[in-house]
Amino acid sequence: MKDLSVKNVEMVYQVPKGEPVHALHDVSFDLTAGRLLTLLGPSGCGKTTLLNILAGFLAPTAGEVTLGGDIITGPGQERGMVFQQGALFEWLSVEKNIAFGPKMNRHSKTETKDKVEELLDVVGLAGFGDRQVYELSGGMQQRVALARCLANDPDVILMDEPLGALDALTREKMQGLILKLWKETGKSIILVTHSVEEALYLGDRLFVMAPRPGRIECDYELPFAENGLEVEPRELKAAPEFGEKREEILSIIWEMEEEIMGRGEAI
Amino acid sequence: MNADMGLGVRDGDTSKMTDKSGPFASWGMFSRGQDTRLTVAFGDSSAVRSLPVYSLISLVAMIVFWFVATYTWGFPDQFKEPGLSDKLRIAACNSNDVCKGSFSQLLGPLTFPSIRDTWNTFFLLIDEGFQDITLWAHTKASLWRVIRGMFFGTLFGVPIGFAMGLSSKARGFFDTIVESFRPVPPLALLPLFILIFGIGDTTAVRLLIFASIWIMIIASRSGVQEANLSKVRAAYSLGASKPQVLFRVLLPNALPQLFTGFRLALGVSWGTLVAAELVGTRDGLGSMIFAARPFFRLDVVVVGIIVIALLGVMMDIILRFLESKLIPWRGKG
Ligand SMILES: Nc1ncnc2c1ncn2[C@@H]1O[C@H](COP(=O)(O)OP(=O)(O)O)[C@@H](O)[C@H]1O
Ligand SMILES: [Mg+2]
């Protein structure tokens, strides 16, 4: 397992007509292997941009990102990505979607088959292997996306609002699944979310990001994810410490929103 | 996508996956088939289907009309008057050498062929053919031309379209060419093609390549352009190389658009072909119709038209069937 290190990353988007957008400013942090970092912040503060840089889809304007000491220059399978939706391959069955990574790497068929069976079991889709992905509900599709990402055994899993398109109940179940996977595999996870509660519940570390230019405003160490599976989720979320943190973070975000509104730059 | 909305619906709810067609699904053909009763259906196009009963009614109506029209009127009536019709026929013959020697054939009344005549001619054309070429040989010639035209149109069109979707240089280069040639009706180029390549089979095929290639280029270009970026990125993150992204993500992902393009191109090719054969070739359904004209063999013309129409419908049905088998996810992503 490898540590992630982000040093002085800047990202400026050149817009053909108009001002360049300063999407990230001086973003630096170290993430030791096996941590679950959640990113929270108003829309447009550069969460997706940061994730795309970590995944290697975008090169930062300045600064550098290393994983286990190696500079990230492009996408790689040691960094898996789970998108909000629409990233599954509709022309492949569930099991072939999951087997996509190993197949691209020409792993042996029997080995892959066993791995797929195991992963289907892990994400709670045992018996769904030969289903078509477009027949599945949104929650099940995200389970497939998780399994597909895990099939390559990445060191870091990047998730951009993976539960954003799900309804409340499905969402809660998937949160449990993510926690379980995190604890069982010991992988690093970076997860972007809009929901303060989700960020608190899942993260053992939390960044609150601020916009214009996008930057890390606060860096919290959180205790909740540690007990996330032992304690009933609703009980945990009802605990006073949880409520306090939630209010604290909500007020920070509200302040940012008001500031943006005050400047008349957003609706 | 998001089936599990609302309270009480569990994740993993499989009810929406059960096949709705019961054992008597095929009976729906003649039943109303609509179990949900909409209070206001007007304007809701999803509630509109093509009721097979009514399609059958219109088919029967067409046949009945044909029957009655040829039985009572023997269209067009005035040609039965010897004076006028003889003049017309002789005029037609003078302008066309092919008529010479078959003058006796011209003396019968020129009427729109009845259903029975057409039926008989159909079998006569199958057995003996017209001018020694059987109906099957004509059909085969036409189909073979369309197949070759579509094959090469697709073979060249798809890679060009993909290149345009993938590279700015290729887009810039081909944009001008595609945009200049795409609006040209292929038949407008027929005289030019005949002058350059001469009359014959390959000229017709070349014209068909011209008819289909632009459609295939545009279809495949939009297939690539409309690919969801996160699919491509997911593939790279899973360790796919560029060729793997191309052949295992972009290509299958573009299949719906490619299919639509193919169906469109086939329709255009079919129409272009028959017209091209009118002047450009010795065999083929179009040339059969054209050759029958100076002999006033309207029955042969009608058989030709019907065969052309039926083949066109059949090709579309086959393609639609293939589409449902090859891209079942269409419209469900
Ligand atoms: N490709 C792009 N070109 C120009 N500006 C962009 C592009 N992508 C994002 N931006 C801008 O960068 C800022 C950060 O965007 P993003 O990372 O998507 O934020 P978030 O995911 O936190 O909502 C926004 O102001 C957005 O408009
Ligand atoms: Mg975003």
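The values are calculated or read from the model by the stated rules, or taken from the named source; none is laboratory data. Everything numeric here is computed off the predicted structure, so don't read it as measured data. Please note: Cβ atoms are built from the backbone with ideal geometry, for glycine as well, and neighbour counts cover all protein chains shown.
Go through segment B:214-250 and report how many residues are more than 7 Å from chain A (Cβ to nearest Cβ) and of a type in the set (S, T, N, Q). Residues in segment B:214-250 being more than 7 Å from chain A (Cβ to nearest Cβ) and of a type in the set (S, T, N, Q): 4 in total. Whether any residue in segment A:22-38 is crowded, with 18+ Cβ neighbours inside 10 Å, over 26 Å from residue A:184 (Cα atoms), within 14 Å of ligand 2 (Cβ to nearest atom) and away from chain B (no Cβ under 14 Å) is what I want to check. Yes; the residues of segment A:22-38 include at least one that is crowded, with 18+ Cβ neighbours inside 10 Å, over 26 Å from residue A:184 (Cα atoms), within 14 Å of ligand 2 (Cβ to nearest atom) and away from chain B (no Cβ under 14 Å). When segment A:32-74 is filtered for residues that are more than 8 Å from ligand 1 (Cβ to nearest atom), out of contact with any Leu (no Cβ under 9 Å at 6 or more places or on another chain), more than 19 Å from residue A:182 (Cα to Cα) and small (Gly, Ala, Ser), the ones remaining, listed by number, are A:56, A:59, A:62, A:69, A:74.
Considering only residues in segment A:167-197 that are within 16 Å of ligand 2 (Cβ to nearest atom) and buried (at least 22 other Cβ atoms within 10 Å of the Cβ), the one that is farthest from residue A:82 (Cα to Cα) turns out to be A:193. Residue A:131 fulfils the conditions (1) buried (at least 22 other Cβ atoms within 10 Å of the Cβ); (2) facing another protein chain (nearest Cβ under 8 Å) except for a single criterion, (1). Using the structure shown, decide if residue B:283 is more than 14 Å from chain A (Cβ to nearest Cβ), assigned to a loop (DSSP other than H, G, I, E, B) and within 27 Å of residue B:115 (Cα to Cα). Answer is yes for this residue.
Return the pair list, or none, for Cβ contacts closer than 6 Å from residues in segment A:1-21 that are more than 15 Å from residue A:55 (Cβ to Cβ) to residues that are hydroxyl-bearing (Ser, Thr, Tyr), at least 6 apart or on different chains. Matching pairs, first to second residue: A:3/A:32; A:5/A:66; A:7/A:28; A:8/A:28; A:10/A:61; A:12/A:61; A:21/A:13. All conditions but one from (1) without any contact (Cβ under 8 Å) to a residue 60 or more places away in the chain; (2) more than 9 Å from chain B (Cβ to nearest Cβ); (3) under 23 Å from residue A:51 (Cβ atoms) apply to residue A:194; the one that does not is (1).
Residues that are touching a residue at least 24 places away in the same chain (Cβ under 8 Å), within 16 Å of ligand 1 (Cβ to nearest atom) and on the phi < 0 side of the Ramachandran plot: does segment A:143-151 have at least one? Within segment A:143-151, not a single residue is touching a residue at least 24 places away in the same chain (Cβ under 8 Å), within 16 Å of ligand 1 (Cβ to nearest atom) and on the phi < 0 side of the Ramachandran plot. Picking from residues in segment B:114-159 that are at pLDDT below 90 and of a type in the set (D, E, K, R), the one that is surrounded by the most Cβ atoms within 10 Å (Cβ to Cβ) is B:117. Remark: residue A:84 matches the filter, which requires a residue to be within 11 Å of ligand 1 (Cβ to nearest atom) and under 30 Å from residue B:253 (Cβ atoms). Total residues in segment A:59-88 satisfying the condition of being in contact with a strand residue (DSSP E or B) (Cβ under 7 Å, 6 or more places away or on another chain) and within 16 Å of ligand 2 (Cβ to nearest atom): the figure is 4. Number of residues in segment B:172-200 that are in contact (Cβ under 8 Å) with a residue 12 or more places away in the chain and surrounded by 15 or more Cβ atoms within 10 Å (Cβ to Cβ): the value is 8.
Suppose we keep only residues that are touching a Gly at 6+ places or on another chain (Cβ under 8 Å) and more than 18 Å from residue A:123 (Cβ to Cβ) within segment A:148-166. Which one would you say is surrounded by the most Cβ atoms within 10 Å (Cβ to Cβ)? In this case the residue turns out to be A:156. Listed conditions (1) modelled with pLDDT of 90 or more; (2) more than 7 Å from every other protein chain (Cβ to nearest Cβ) are all met by residue A:106, apart from (1). When the helices (runs of 4 or more DSSP H) confined to segment B:171-259 are screened for residues that are closer than 30 Å to residue A:92 by Cα and among the basic types (Lys, Arg), those reaching at least 2 such residues are found at B:229-237. Only residues that are without any contact (Cβ under 8 Å) to a residue 60 or more places away in the chain, in a loop (DSSP other than H, G, I, E, B), farther than 24 Å from residue A:166 by Cβ and not small (Gly, Ala, Ser): list them for segment A:58-102, please. Scanning segment A:58-102 gives A:58, A:60, A:61, A:72, A:73, A:75.
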